[in-house]
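Single-structure report; data block below.
The values are calculated or read from the model by the stated rules, or taken from the named source; none is laboratory data. The shown structure was predicted, so the numbers you read here are calculated from the model rather than taken from an experiment. Virtual Cβ from ideal backbone geometry, glycine too; neighbours counted across all protein chains shown. Note: accessible area is taken over every heavy atom of the protein model, side chains too, but ligands, DNA and RNA are not part of it. Shrake-Rupley method; radii C 1.70, N 1.55, O 1.52, S 1.80 Å.
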Amino acid sequence: MGIFRWNYPESSVPGFWGETTSTIDWCEENYVVSPYVAEWTNTLTNIVFILSAIYTTYSAYKNRLEKRFLLIGFGYGLVGVGSCLFHMTLKYRFQLLDELPMIYAMCIPTWSLLCEAKEALLNGDNHKKVPLFEQIVFGIIIALAVTTASILYVIFKNVDIHQILFGVQIVVVAAAAGSLTYRYVHDPLAKRNLKASMALGAILFLSGYVSWLLDIHFCSFWVHIRRSILALPLGVLLEPHGWWHILTGMGIYFYIVSLEYLRVITLNISSDYLFIWRWKVFPELIRVGHNPSTRYSLELFGSYVEDQSVGAHKKRE
Ligand SMILES: CCCCCCCCCCCCCCCC(=O)N[C@@H](CO)[C@H](O)CCCCCCCCCCCCCCC
């Protein structure tokens, strides 16, 4: 064995954090890279959630979007921190810090889209907001449902309760956003961009979910390949749960940008914003007048915009 390739340890390695108390111990072998990190790859790949949470929160603040998008970013970031601590320590308390913020953070887009759907269904294109009282009632109903689910989850320690609820939330948000886009977005370019961003977000998320399932159901196969062929450090790249973090983190980013753009359209303030694709592939909402620091196109894989002063194209439209 050289300094660039070494075998996995023959037997399990005791770690700094002691006994595993989490109800899930993922496929990644524990403490094989560092005595201070139980699952090396599953811990480090949470950087995708943390960085995209920081960036979406910064963008929402810079674009002066509604506070709900700041809350989404904070919730998303908390999930990333919780997941990091969960995989680093495999302690139950940090597993809850990973899983509970997931369903709480998902409440924000769920609530926002329910209010938007009511606004759009009732008021069509005249964009009258749902009365504050009704917004509060929607919020209380969602909060009660999720709080009840959380209590049941902690009492019965059945991780299916959490995973099914999270899955339902993701499907409801994706379906509501898709339906609102189909029925209430009329500008052809805006519709194409929203469809592309949501479709890519769904593909990335579903690919991550397949990776999550592969980690759980084919673990012995991954362990065999890592130990008999890859060894360390290459073996850290074959961690399907780590790829779930990377793919899902990107998919959630694409969806957050889509929800922001959908919101400014339903609020009838989309003329102040521009939906761009940095390097033709990364969607972002920016304010007209802001100068992106990178090359960008106005459509997925579209041609680069030469005149970098944002809004120049708006004036030509
Ligand atoms: C859509 C906009 C959302 C904006 C708000 C973001 C809220 C945070 C969402 C964070 C999701 C990523 C989870 C990160 C932490 C993590 O990976 N935790 C795992 C442990 O490491 C935990 O085990 C994850 C459980 C997740 C269970 C997923 C099963 C449900 C999948 C539903 C499949 C339907 C796909 C529909 C596609 C549109």
Points 7 angstrom from Cα along the Cβ direction at Lys157 and Ile269: gap in nanometres? 4.8 nm
Sorted list, accessible surface of protein heavy atoms, 1.4 Å probe, largest first, for Glu19, Glu284 is Glu19, Glu284
Which residue fluctuates most in the GNM of the chain (Cα springs below 10 Å): Glu299, Glu134, Glu260? Glu134
Would you mind calculating the gained length between Asp187 and Leu144 on full extension (0.36 nm times residue separation, minus the Cα-Cα distance), in nm to one decimal? 11.7 nm
In the chain, if the dipole is taken from +1 on Lys/Arg beta carbons and -1 on Asp/Glu beta carbons about the Cα centre, which of Tyr273, Phe166, Val13 is farthest to the positive end? Tyr273
Measure off, as a whole percent, the carbon and sulfur share of the 1.4 Å-probe accessible area of the chain, all protein chains present. 70 percent
So for the pair Arg287, Ile225, with labels modelled 7 Å out along Cα→Cβ, what separation do we get in nm? 4.7 nm
Mean accessible surface per residue for the chain, computed with a 1.4 Å probe while every protein chain stays in place, in Å²: 49 Å²
Could you grab the relative contact order for the chain? Cα pairs under 8 Å, six or more apart, rounded to a whole percent. 18 percent
For the chain, what does the alpha-carbon gyration tensor say about shape, rounded, prolate or oblate, given a ≥ b ≥ c as the root eigenvalues, a/c under 1.5 as rounded, and a/b over b/c as prolate? oblate
Please identify, among Pro188, Pro109, Pro240, the residue showing maximal mean-square fluctuation in a Gaussian network model of the chain using a 10 angstrom Cα cutoff. Pro188
Considering only DSSP states other than H, G, I, E and B, which trypsin sites (Lys or Arg not before Pro) in segment 44-150 qualify as loop sites with at most 14 other Cβ atoms within 10 Å? Arg64, Lys128, Lys129
Place a +1 charge on the Cβ of each Lys and Arg in the chain and a -1 charge on the Cβ of each Asp and Glu, then give the dipole magnitude about the Cα centre in debye, rounded to the nearest 20. 880 debye
How large are Rg and Dmax for segment 1-120 when only the alpha carbon atoms are used, in Å? 18.5, 65
Between the alpha carbon centres of segment 177-197 and segment 73-106 the gap in Å comes to 32 Å
Helix-only mean residue ellipticity at 222 nm, the chain, DSSP H runs n ≥ 4 weighted -39,500 (n - 2.57), per residue, nearest 500. What is it? -21000 deg cm²/dmol
Two-site FRET efficiency, Val171 against Glu306, from Cβ-Cβ distance with R₀ of 35 Å, rounded to 0.05: 0.30
Give Lys67/Lys280; Lys62/Lys91; Lys129/Lys191; Lys62/Lys118 a once-over and call out the pairs whose C-alpha atoms are over 26 Å from each other. Lys67/Lys280; Lys62/Lys91; Lys62/Lys118
Could you give the DSSP H helices of the chain that reach 27 angstrom or more along their long axis (alpha carbon positions) and whose average Kyte-Doolittle hydropathy is no lower than -0.5? 67-89, 92-123, 132-156, 159-184, 188-217, 240-266
